[in-house]
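What follows is a single structure, written as structure tokens, with notes after it.
The values are calculated or read from the model by the stated rules, or taken from the named source; none is laboratory data. Just so we're clear, the structure is a prediction, and the values are computed from it rather than from any experiment. In this analysis, Cβ positions are derived from the backbone assuming ideal geometry, glycine residues included, and neighbour counts consider all displayed protein chains. To get the accessible areas, we keep the full protein, side chains included, count just its heavy atoms, and leave off ligands, DNA and RNA. Shrake-Rupley method; radii C 1.70, N 1.55, O 1.52, S 1.80 Å.
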Amino acid sequence: MSSPSSGHDAALPCPGPDDTASTSKNTGTGAGPGTGARTGPGAGSGTGRRTGRGTRWTAGGGSGGRLWSPNFRLYFIARTVAMLGDTMLPVALSAGLLTYGYSAGDIGLVMAASTACFAGFVIFGGVFADRFNARALMIGADSVRVVTQTLGAVLFLTHHIRLWEVVAIAVVNGTMAALFQPGVASTLVRVASDVQGANGVTRTAESTAALLGPAFAGLLIGLTSPGMVFLVHASTYATSAVCLMLLRLAPEAPRLAKAVNGFRTDLVEGWREFRARTWMWAVIVVWMVLMVCTTGPYVPLSAGQIIPAHGAGAYGLVNSAMGGGTAVGALLAIRLRAQRQLRAGSCALFLTALMPLSVGLALPVGAICACVFAAGVGSAYWGVNWATSVQTQVPGDILNRIHAYEVAGSVAMLPVGQALAGPAAAAFGARHVLLAGSVVAVAVASTLLSVPAVRNLRRAPNH
């Protein structure tokens, strides 16, 4: 029943499910814009200025009429509505299973089943998206999830809940998310001439959905039942599928190699292209360390520190501060456009150290909220610049596969960090683990800036 969010952005270097991308994570050596991508003004019309170490910033532009084309409006609605449903699901799943006597461990099993299938199959989804029609694959994945979430709603509404059935639905949903996600990157560059502006407004909408979705789910459960939330979630996938079907995209240039290459050859080619881009694999390797040491432990350990000391309301306030910060960071990324995007994004990542630091130091709730807000700004600013780099630096005929490798590398280490959080806290103390996580966050940002391929990557022409 649980599925990785449409964008997966929260767990990714981008995003965050983006997609995303959240990720939904939407998530990228200067090969130029992808095949079939529309090119347009990159930095807008603002006044240029130089800020520190040669990074050139351009303010303004890019997010007006050139961005809100009919195609992008449909894409935006599809991503936003799906993200709203994805943020509602964990609340309904937890409340529903607990109501029928299942434990927190059972809830974790369902979520782990979905995440494991996503991480395990997303690379294959990238190959399928490059070999066939990425949009058709996304529509098919949404359609299957309409069926599975409707089935989940029936199970809860008829009070026939068996754990293996819920896990089976989660497995299908995770696999469908793995087929859906790779096409996100290539679709965005085909519907938006201003890729960074598109990433910014999409990330802002996803942040807003992350704020509203859980609250709406709780209200709906209070008035009706968890089954109704599953029906609403199914309708969000249906809305996404319809919007994607209505897109009017220019034909893509044919990829001649796919007629003769086998599946394994495409898989190997994707890995070879991924490895050839030092700036990309360097970020993913460093990001895996961040997932294990900082992001993974933060959620369970921060809840264990804040809720007993200040109550569940305070914990909700802290999460809201994070959502507000990511919305502001995404808007900032629309306005401030560095010529060296990953250098600017890496500088913003230093702010993310404030999140585990504030909880580890047991600061007052107000101070924690301020620190988490700042961390959200830094995280979203990095995410938009990372997603834009991926989408504009990689040729279109390999973008889906490279994006899949990027997503898989980012997501794979998150459950490891979550699993190690408990034993590490028992051995060293939760606050010490959180403080160590803040040190790792600073080290990650510093390491990214120390890699020439990362800090010197220039914005793609016309973007």
Peptides 322-332, 348-358, 375-385 ordered by average Cβ neighbours within 10 Å, highest first: 375-385, 348-358, 322-332
Taking Cα centroids, how far is segment 122-159 from segment 442-456 in Å? 37
Ignoring ligands, DNA and RNA, what percent of the 1.4 Å accessible area of segment 169-259 is carbon and sulfur? 76
For segment 315-383, dividing by residue count, accessible area per residue (probe 1.4 Å) in Å² works out to 30
Tell me which residues come under 5 Å, amide H to amide H, from A338 once H is placed; ignore anything under 5 positions away on its chain. T58
Cα-based equivalent ellipsoid of segment 285-340: semi-axis lengths in Å, sorted from largest, via gyration tensor: 28, 19, 5
Compare the peptides 92-101, 264-273 by average per-residue count of other Cβ atoms within 10 angstrom and give them in order, highest first. 92-101, 264-273
Segment 315-386, Kirkwood Rh and Cα Rg, ratio Rg/Rh at 1.02
Taking the simple approach of a point 7 Å from Cα along Cα-to-Cβ for both L212 and H432, what is their distance in nm? 4.5
I'd like the distance between the alpha-carbon centres of segment 300-379 and segment 217-243, rounded to an integer number of Å. 28
Once you have all Cα-Cα distances for segment 377-428, histogram them in 5 Å bins from zero and send the whole-percent values. 4, 16, 16, 18, 16, 12, 8, 6, 3, 1
Counting only residues 5 or more apart in sequence or on a different chain, those whose built amide H sits under 5 Å from that of W68 are none
By the gyration tensor of its Cα atoms, with a ≥ b ≥ c the square roots of the eigenvalues, what is the shape of segment 129-238: rounded for a/c under 1.5, prolate for a/b over b/c, or oblate? oblate
What ranking, highest mean first, results for peptides 74-81, 435-442 when packing means the other Cβ atoms within 10 Å averaged over each residue? 74-81, 435-442
Sort R73, R131 by heavy-atom solvent-accessible area, probe 1.4 angstrom, most to least. R73, R131
Would you compute the Debye intensity of segment 355-457 from its alpha-carbon atoms alone, equal scatterers and no solvent, and pass along log10 I(q)/I(0) at q = 0.09, 0.11, 0.17 Å⁻¹ to two decimals? -0.33, -0.48, -1.01
Tell me the carbon and sulfur percent of the accessible area for segment 341-463, rounded to whole percent, probe radius 1.4 Å. 74
In the neighbourhood of R277 defined by beta carbon distances under 13 Å, the net charge of the other residues (Lys, Arg +1; Asp, Glu -1) is +1
Using alpha carbon coordinates only, what is the Rg to Rh ratio of segment 165-316, with Rh defined as the Kirkwood radius? 1.02
log10 I(q)/I(0), Debye, Cα-only segment 121-162, no solvent, q = 0.20, 0.29 Å⁻¹? -0.66, -0.92
Give the Rg/Rh ratio for segment 81-147, taking Rg as the radius of gyration of the Cα atoms and Rh as the Kirkwood radius, to two decimals. 1.07
Suppose R0 equals 35 Å; then what is the FRET efficiency for V439 and R275 from their Cβ-Cβ distance, rounded to the nearest 0.05? 0.75
So for R0 = 25 Å, FRET eff. of M245-L157 from the Cβ-Cβ r, to 0.05, ends up at 0.30
